[in-house]
Structures are given as C-alpha cells and as structure tokens.
Ligand code: SF4
C-alpha cells in the first residue's frame with residue numbers, strides 16, 4: 001500500500017462527503033508555507049528569490065493552525081523554504097498531528113538526521129524528502145555537492161527511527177529516464193514508503209529558465225519512466241495523475257485542490273502563480289476567477305504546466321467522480337503499463353543538452369552565498 005489504509009479511508013470519505021454536500025470546489029491538501037528561507041538554492045526554485053527581510057519572516061504555530069482549520073483539508077503539506085529551519089516546526093507538526101491531519105513535511109533533509117529527535121513517529125506524519133535523482137543528478141539539481149548523500153542519510157535515519165518517509169522527485173528537461181528508474185530502485189531499497197514524481201514548473205523567478213519541460217516532452221519522459229513499471233515501486237500519487245503524466249489521460253487543472261497559505265496570506269490562484277493574496281480561505285475561493293487558469297484557459301503561464309499541485313487533486317476528483325473513475329483507478333493501481341515503445345525510448349535516450357543543469361557549487365540565486373547563509377543560519 002502506498003499510503004496507510006486509515007489515510008486512504010480518511011481521504012476517500014472526505015471527498016465523498018464534499019461531493020454529497022454538492023461542493024463544486026474543495027481543497028484536498030493545504031500547502032502550508034511557514035517560511036521561504038532555505039539552506040539550498042536550487043536552480044529550478046522560485047521561492048528563495050525574495051529579499052532578506054521576507055526570507056527571515058515566518059508564520060507562528062497559531063497562524064498555521066488557524067489556516068488549517070479555515071481550510072479543512074484532510075492533508076497538509078509543509079513546503080517552503082526548508083521547514084526544518086523554522087525554530088517552532090516541531091510544535092507546528094505536533095499541533096497538526098493532534099488535529100488528525102495527515103502531514104507531509106517537505107524537506108531537503110540536510111538537517112533531518114540532527115533534528116529527528118524533535119519529532120515523534122506517527123501515522124499522521126511523513127517526511128517527504130526532496131531527492132531529484134541519483135547522486136550526480138541530484139547534486140546538480142540542488143547546486144550542492146554531497147547533497148544527495150546527506151539527503152539519503154536523512155532518509156535512512158528517519159526510516160530506522162520508525163517514521164513514515166516518502167520522497168519527492170522533480171524532473172527537468174535533460175533528465176535521464178534510465179537514471180530515474182535506477183533512482184526509484186535505490187529509494188525503495190532505502191525503505192521509503194512511497195515516491196512522488198512531478199515535472200518542474202517554469203518559475204519566472206527561477207535562475208535556470210532553459211531546462212523546464214514542455215507538455216509534449218513531459219509526456220514522453222514520463223511514458224518512458226513509468227511504463228514497464230517494476231513491481232517493487234510504490235507511488236504516493238493518484239494513479240490517474242500518473243496516467244496524465246504519461247499522456248494517457250487528459251485532466252483539467254484543479255488549482256483550488258491544493259491551496260497555499262504563507263506569510264502573505266492565501267495565494268491566488270495556486271501554489272505556483274502569485275496573482276495576489278486573500279485574507280481568508282473563503283475570500284480566496286470566492287475572489288479568484290478560476291476560469292482564467294489551467295491549460296484550456298489560454299493563460300500562457302499555465303500552457304506547459306503539469307505539476308502535482310495543480311493536477312493531483314484533478315486525478316482524485318476523476319476517481320470519485322463516477323463509477324467509471326473508480327473502476328479505472330482500481331485497474332490503474334495494478335497496471336504496470338507494459339509498453340515496448342517506451343522501452344525503445346529508454347534504449348535510444350541521449351542527453352539533449354550539453355553539460356549539467358547548473359554547475360555544482362554555484363548558488364543559483366540573486367542573493368550572494370553569504371547572504372543566503374546569513375538568513376538560513378547554515
Ligand atoms: S495550470 Fe499550473 S500554473 Fe496554471 S493554475 Fe494550474 S497549477 Fe497553477
């Protein structure tokens with residue numbers, strides 16, 4: 001099982017209740033961003049480009065709990081920034097667990113091993129560790145030599161201590177599908193519960209703009225990686241979302257499915273775009289012109305987007321939208337997608353770019369290395 005049965009049951013009953021209530025739009029996962037500062041400066045990230053005074057700001061536990069209660073989603077993901085840099089993160093996590101929310105704390109794991117003792121294993125808590133690929137690929141991606149080894153040490157320490165550990169892999173253009181498949185083997189061998197994979201989003205503020213995937217290339221890449229699936233792989237994503245990534249399903253974006261709350265308030269309309277902020281969750285839901293977003297809207301910023309935060313909830317809604325959806329999801333759960341054409345893509349794969357995503361050791365940020373070290377305390 002990719003998630004505990006209690007979690008699958010909680011999510012399924014929540015979605016069914018919302019549908020029975022006739023709610024057209026409802027949240028599935030709250031994206032809670034208690035801070036933006038980070039101890040990495042990844043090439044594909046748009047979050048760490050804020051001025052220093054913003055990077056130093058953070059939400060209090062009380063503000064986090066208020067947002068969680070306002071929103072009502074059964075799951076809370078805590079991205080950032082790096083959540084482990086928040087001095088009150090253990091208090092935030094224990095408060096969310098006490099509220100019986102399924103928490104995914106998204107971390108680069110650089111500090112995981114040393115801070116593990118501040119947390120208690122629970123079926124409600126999972127560390128979602130950011131590992132973008134095998135050693136060389138991950139270190140390029142996060143612009144830090146040795147980042148992969150530290151992250152994997154954190155993964156193993158958390159698994160050994162009895163925590164739920166999942167992983168989060170973001171793929172950019174030039175990713176080697178053969179390497180990604182080996183990466184999946186390595187993650188499963190390290191004892192992770194399940195893995196999540198998504199294409200990166202073209203953040204306007206991200207320093208590296210050349211390596212984001214277009215939709216057609218995303219589908220080809222994911223078809224080659226996720227077809228001929230190994231029995232040992234477990235994924236922490238809707239099977240329908242994964243079919244969408246492989247180009248086998250067409251889904252419309254559900255930006256309200258994973259609403260984002262940060263030090264600025266409720267972000268309009270989604271985790272990726274910043275078209276203003278609402279003071280309350282209700283105001284967010286009412287004030288956004290939702291038809292202006294999603295690939296079909298013609299909004300150029302949505303044209304190439306296939307990210308998890310926009311389409312995972314779409315997959316879940318597809319599942320619970322009809323008997324056909326339930327049946328197709330059940331079938332997809334056991335499908336290993338045999339596909340000789342995808343095997344050929346793997347065999348014929350060649351790097352499309354010269355050189356790495358970014359040079360190891362460079363800091364992909366508009367801030368200097370010393371500025372970033374000062375705000376992160378690294
Ligand atoms: S398509 Fe992507 S960028 Fe556009 S609203 Fe959906 S999640 Fe946001």
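The values are calculated or read from the model by the stated rules, or taken from the named source; none is laboratory data. Since we're looking at a predicted model, the values are computed, not measured. Cβ placement follows ideal geometry from the backbone for every residue including glycine, while neighbour counts extend to all protein chains displayed.
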**Q.** Matching residues, region 112-145, being part of a loop (DSSP other than H, G, I, E, B), modelled with pLDDT under 95 and surrounded by fewer than 21 Cβ atoms within 10 Å (Cβ to Cβ)
**A.** 134, 145
**Q.** Residue match in region 296-306 (condition: within 13 Å of the ligand (Cβ to nearest atom) and either closer than 30 Å to residue 232 by Cα or touching a strand residue (DSSP E or B) at 6+ places or on another chain (Cβ under 6 Å) (or both))
**A.** yes
Q: Taking the options 182, 165, name whichever one is over 30 Å from residue 275 (Cα atoms), at pLDDT 90 or above and in contact with a helix residue (DSSP H, G or I) (Cβ under 6 Å, 6 or more places away or on another chain).
A: 165
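Given 318, 311, 293, which one is in contact (Cβ under 8 Å) with a residue 24 or more places away in the chain, near the ligand (Cβ under 10 Å from one of its atoms), within 23 Å of residue 12 (Cα to Cα) and buried (at least 17 other Cβ atoms within 10 Å of the Cβ)? Show your work before the answer.
Working: 318 fails: near the ligand (Cβ under 10 Å from one of its atoms); 293 fails: within 23 Å of residue 12 (Cα to Cα).
Answer to the check: 311.
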Q.
Checking the structure you have, find out if any residue of region 247-256 is over 23 Å from residue 320 (Cβ atoms), assigned to a loop (DSSP other than H, G, I, E, B), near the ligand (Cβ under 10 Å from one of its atoms) and under 21 Å from the mean Cα position of the chain (by Cα).
A. no
Q. Considering region 321-351 alone, what residues qualify as being surrounded by fewer than 12 Cβ atoms within 10 Å (Cβ to Cβ) and not in a helix (DSSP H, G or I)?
A. 322, 338, 350, 351
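Give me the residue from region 291-304 that is under 29 Å from residue 55 (Cβ atoms) and in a loop (DSSP other than H, G, I, E, B) and, out of that set, farthest from the chain's Cα centre (by Cα).
Taking region 291-304 as the starting set, the residues that turn out to be under 29 Å from residue 55 (Cβ atoms) are 293, 299-302, 304.
Now drop any that are not in a loop (DSSP other than H, G, I, E, B), which leaves 293, 299, 304.
Working: 293: 20, 299: 22, 304: 17 Å.
Selected residue: 299.
With 195, 152 as the choices, which residue is assigned to a strand (DSSP E or B) and more than 23 Å from residue 49 (Cβ to Cβ)?
Numbers: 152 fails: assigned to a strand (DSSP E or B).
When all the criteria are applied, what remains is 195.
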Q.
If I filter region 352-366 for residues that are more than 30 Å from residue 55 (Cα to Cα) and modelled with pLDDT of 60 or more, do I get at least one hit?
A. yes
**Q.** Tally of residues being in contact with a strand residue (DSSP E or B) (Cβ under 6 Å, 6 or more places away or on another chain) and more than 22 Å from residue 304 (Cα to Cα) across region 254-277
**A.** 5
Q. Somewhere in region 211-220, is a residue touching a helix residue (DSSP H, G or I) at 6+ places or on another chain (Cβ under 8 Å), part of a helix (DSSP H, G or I), modelled with pLDDT of 90 or more and within 30 Å of residue 61 (Cα to Cα)?
A. no
Q: Filter region 263-290 down to residues that are within 11 Å of the ligand (Cβ to nearest atom) and in a helix (DSSP H, G or I), then give me how many there are.
A: 1
**Q.** Filter pass, residue 300 being at pLDDT below 95 and either under 28 Å from residue 77 (Cα atoms) or surrounded by fewer than 16 Cβ atoms within 10 Å (Cβ to Cβ) (or both)
**A.** yes
